[in-house]
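Q: One structure follows; several queries about it will come next.
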Amino acid sequence: MNFRKKQFLEDVSHILAADYATDLAQATRKELYNAVGKAVMQETYPDRKTEDGKKRCGYFSAEFLMGRAIFNNLMNLGILSDVSDALASVGRDLNAFEEVEDAALGNGGLGRLAACYLESAASMGLPLDGYGIRYRYGLFRQTFKDGYQHEEGDDWLKWGDPWSVRVERDAVVVEFADLKVKAVPYDTPIFGYRNGVVNNLRLWSSEPVQAFDFEAFNEMKGENKAKENFDATKICDVLYPNDNTMVGKILRLRQQYFMVSASLQDILRKQKAAGKDLLQLDRDYCFQLNDTHPVIAIPELMRLLQKEGHTFEEAFGVCAKVFNFTNHTIMAEALEKWDSLAIADILPDVYEQIVACQKRLEGEGLDPEKYFIIREGIVHMANLAIYVAAKVNGVAEIHTNILKRETFKNWYELYPEKFVNITNGITPRRWLLLNNPRFAELIDSRIGTGWHTDLKEISKIKPYIADMLPAFRVIKEENKRKLAAYIKEHEGVEIPENFIFDVQVKRLHEYKRQLLNALSILYFYYGIKDGSIRDFPPTAFIFGAKAAPGYYMAKAIIKFINEVANLVNSDEEVSAVMRVVFVQNYNVSYAEKIVCAADVSEQISMAGMEASGTSNMKFMLNGTVTLGTMDGANVEICEEAGAENEYIFGATVEEVATVRRFYWPLEIVGQDPSLKRALDAMIDGTFPDETGSLKKLYESLTTGHSPDRYLVLLDFADYVRVKEELLRDYGSDEFWTKCLLNTAAAGKFSSDRSVKEYADLIWHIGC
Ligand code: 26W
């Protein structure tokens, strides 16, 4: 974008005057933030390329974890330092906007992936638009009290949202059996990286229909009207805070239908207005279904096409061409299943379409035990998606192989050509240029800036690694200093900056095994206390994670880690070489600070469970070695960087499969007194356990029908061995070389590459 400082400051002044009756000198930070955002919106509006007749892809997702928009937008427009200078010239500070809330309209990996894909598509000039829900409250804000997690509503609009525009003219009505709702879109531009491209993120907001559609409103009976107003706004109230567990709440089903129905109605209306044949929708559109959450779009499009006079078979044919489905997890409890009666009750016409799909499937003469959409009164959303969609993909090689071999084995045998792998990626703009500018400059100084838009080029730093080491270390130290100061201020824990920063940040889940990490810390603690571990390399263990509010064990693990942190940090002897901190409210903005400051990236899920992981890629790109299992994208990280440059431990997928059949964890504990000591701390009064949750945690590892489901105790010894090896390697030139070799090998993990693969193999756009 062409920046004219005088014009910009005038724009900002005018907006401040018109909207807030104030000026550049007097405006509050919030007022200034909104005026700056609006000034950018208004200056970039003419640049937006509108419909150019090319086929577009709609990315349908219940989650978009965008984080903070302002710095990324200014960077991609190429005006970050210009705006900073312009504001400074009138005595204002751009960095003050560091307090602006994140747009946390997502839970974790799946939502952040959607955000990276939007940025990458725009940056490569690919026509991809996001469609989702404008939740009034995003993912809860997390605090700790006495070590326990507490949740508060996330009022993400507190600072306003200058980046979105309400598009009243595109509003539609979404109908449920018992309720009609007005859907209003809010459009947010997605700016490509310095290429003038602007794609769109369209988030729908639900409102009462009354003022919008009098007829619809008048059809309703008296007492229904009040209920209607209440229920309509409720649909978009809040993001469901579950990650990897399906909670069969009807409101969630309403959210899913609301967003896809509104999006499809909007798109079909435009196609009709342009005189297009709806049966040729695939010439202009395709849709990516981000996990099962938007899969109800399939029967909805069938319904809408039949309403336009087409047959079921014709509608089915269209859906088979336009829809594609991404699976992000193999956890059985995450695969969405809905009660037939519930769908039939609130969406009878949509349910009819699902039944028609089931009938059609039955007509194919296949084994009904193996192939079904509805069975025993339950609708299996993943099966519906696989039956109809053109392509089905997993998100890392190992994950796609598990889908083919196990999770969707029957379907793979039937439709082998439908299944493809697209390994996840991250945008190198937000995850290196923006969060680690000095490291980015160091790289630029050696190999130029080509890697900004073609991350494969980053391998060109290889010959310069030895000579980059000193500067890299200085930058890392500086990043660590900043993070330590931030943690001191926000968590009240002091971390000496000369400590190793060992980091595990991600959602809290038993399969991710934060507990394994915590147990190893206790093992080190007792070893240092009894003298069996000497010269322990000074290390800070940093955690960040939110637990789903209803996930008992995850919350118990948070309590446990917080108690371990107390024990370690308040012990004079041990705290000289060890600190533990669990940061509160881990989110995208916190991640940006953490990722550039980490020395160790913990990716320690039980093999086979983490579909891909994406934080592993962020750490790698920023020059961090992985301490991890052969799981998800870790496998490909090893392939790219060489396993000798990572720290790998634990049972492989194959080993997990055999061990799990006759696994008796107490046997392992019995043979390992130091493990037993760490474990016993959960129940022997070492820690306050006001609610008994630590005891339950202990029991989950040791007793019951299938103790230690995620093989924490099995992998413990190998984990501790490799972790100690890593911590002892730290600080040598060899170690720092490994770090930079990781950066050099991160090219594959750009979301530019992922999105290009989707575009070529699945969407057939941008050619
Ligand atoms: C229905 C409840 C629910 C909510 C969210 C089920 C499943 C989910 C997501 C699919 C969970 C998720 O975010 N999965 C993560 O997706 C990332 C992006 O592909 C992967 O990198 C992670 O490994 C995977 O856990």
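Q: What translational diffusion coefficient, in µm²/s and rounded to a whole number, does the Stokes-Einstein relation yield for the stretch 570-627 at 20 °C and a viscosity of 1.002 mPa s, taking the hydrodynamic radius as the Kirkwood radius over Cα pairs?
A: It comes out at roughly 161 µm²/s.
Q: Let me know the Rg and Dmax you get for the stretch 452-503 when you use only its Cα atoms, in Å.
A: Every Cα atom of the stretch 452-503 included, Rg and Dmax give 15.1, 42 Å.
Q: Using 20 Å as the Cα-Cα cut-off, could you pick out the over-long pairs in Lys54/Lys272; Lys512/Lys559; Lys145/Lys488; Lys321/Lys370; Lys529/Lys695?
A: Lys321/Lys370; Lys529/Lys695
Q: Looking at the chain only, what percent of DSSP beta bridges run antiparallel? Nearest 5 please.
A: Restricted to the chain, the bridges split so that about 40 percent are antiparallel.
Q: Another question about this same structure. Order of 161-171, 390-400, 278-288 by packing, highest average Cβ count within 10 Å first?
A: The most tightly packed comes first, giving 390-400, 278-288, 161-171.
Q: Restricting to DSSP H runs of at least four residues, report the calculated mean residue ellipticity at 222 nm for the chain, -39500 (n - 2.57) per run over all residues, nearest 500 deg cm²/dmol.
A: My calculation for the chain gives -13500 deg cm²/dmol from helical runs alone.
Q: Which ³J(HN,Hα) values, rounded to whole Hz and listed in residue order, are derived for the stretch 161-167 from phi using the Karplus coefficients 6.51, -1.76 and 1.60 in 6.51 cos²θ - 1.76 cosθ + 1.60 with θ = phi - 60°, glycine and proline given as x?
A: Working through the residues one at a time gives 9, x, 7, 10, 10, 6, 10 Hz.
Q: Between Lys276 and Asp19, what length comes free when the chain is fully extended (0.36 nm per residue of separation minus the Cα-Cα distance, one decimal in nm)?
A: Between Lys276 and Asp19, full extension yields an extra 88.4 nm.
Q: Find the all-direction average of the projected area of the Cα convex hull for the chain, expressing the result in square nanometres with one decimal place.
A: 33.8 nm²
Q: Given the Cα atoms of the stretch 1-99, and with Rh set as the inverse mean 1/r over their pairs in the Kirkwood sense, what is Rg to Rh to two decimals?
A: Ratio of gyration radius to Kirkwood radius: 1.03.
Q: Would you work out what percent of the accessible area of the chain, with all protein chains in place, is carbon or sulfur (probe 1.4 Å)?
A: Reported share for carbon and sulfur atoms: 50 percent.
Q: If you average the C-alpha positions of the stretch 614-676 and of the stretch 157-184 separately, how far apart do those two centres end up, in angstrom?
A: 45 Å
Q: Please sort by residue number the GluC sites (Glu not before Pro) in the stretch 1-63 whose DSSP state is loop and whose Cβ has at most 12 other Cβ atoms within 10 Å.
A: For GluC sites (Glu not before Pro) across the stretch 1-63 that sit outside H, G, I, E and B with at most 12 neighbouring Cβ atoms in 10 Å, the list reads Glu51.
Q: Also: What order, most packed first, do the peptides 307-315, 670-678 have when packing is the mean number of other Cβ atoms within 10 Å of each residue?
A: 670-678, 307-315
Q: For the stretch 665-767, run through the GluC sites (Glu not before Pro) and keep only the ones in DSSP coil with at most 12 other Cβ atoms within 10 Å of their Cβ.
A: Sites meeting the loop and neighbour criteria: Glu690.
Q: So how much accessible area does Arg481 have, in Å² to the nearest 10, using a 1.4 Å probe?
A: Arg481 has an accessible surface of roughly 100 Å² with all protein chains in place.
Q: Hey, what did the chain get for relative contact order, percent, Cα under 8 Å, at least 6 apart?
A: Relative CO of the chain lands at 13 percent.
Q: Now for a different question. Tell me, what is the per residue accessible area of the chain in Å², probe radius 1.4 Å?
A: 37 Å²
Q: Apply the Karplus parameterisation 6.51 cos²θ - 1.76 cosθ + 1.60, with θ equal to phi minus 60°, to every residue of the stretch 392-402 and state each ³J(HN,Hα) to the nearest whole Hz, in sequence, with x for glycine and proline.
A: Once rounded to whole Hz, the list reads 10, 10, x, 10, 7, 3, 5, 5, 4, 5, 5.
Q: Just the number: Rg to Rh for the stretch 300-412, Cα atoms, Kirkwood Rh, two decimals.
A: Result: Rg/Rh = 0.97.
The values are calculated or read from the model by the stated rules, or taken from the named source; none is laboratory data. Since this is a predicted model, take the numbers as computed values, not measurements. Note that we place each Cβ from the backbone using ideal geometry, even for glycine, and neighbour counts take in every protein chain shown. Heavy atoms of the whole protein, side chains included, go into the accessibility calculation; ligands, DNA and RNA do not. Shrake-Rupley method; radii C 1.70, N 1.55, O 1.52, S 1.80 Å.
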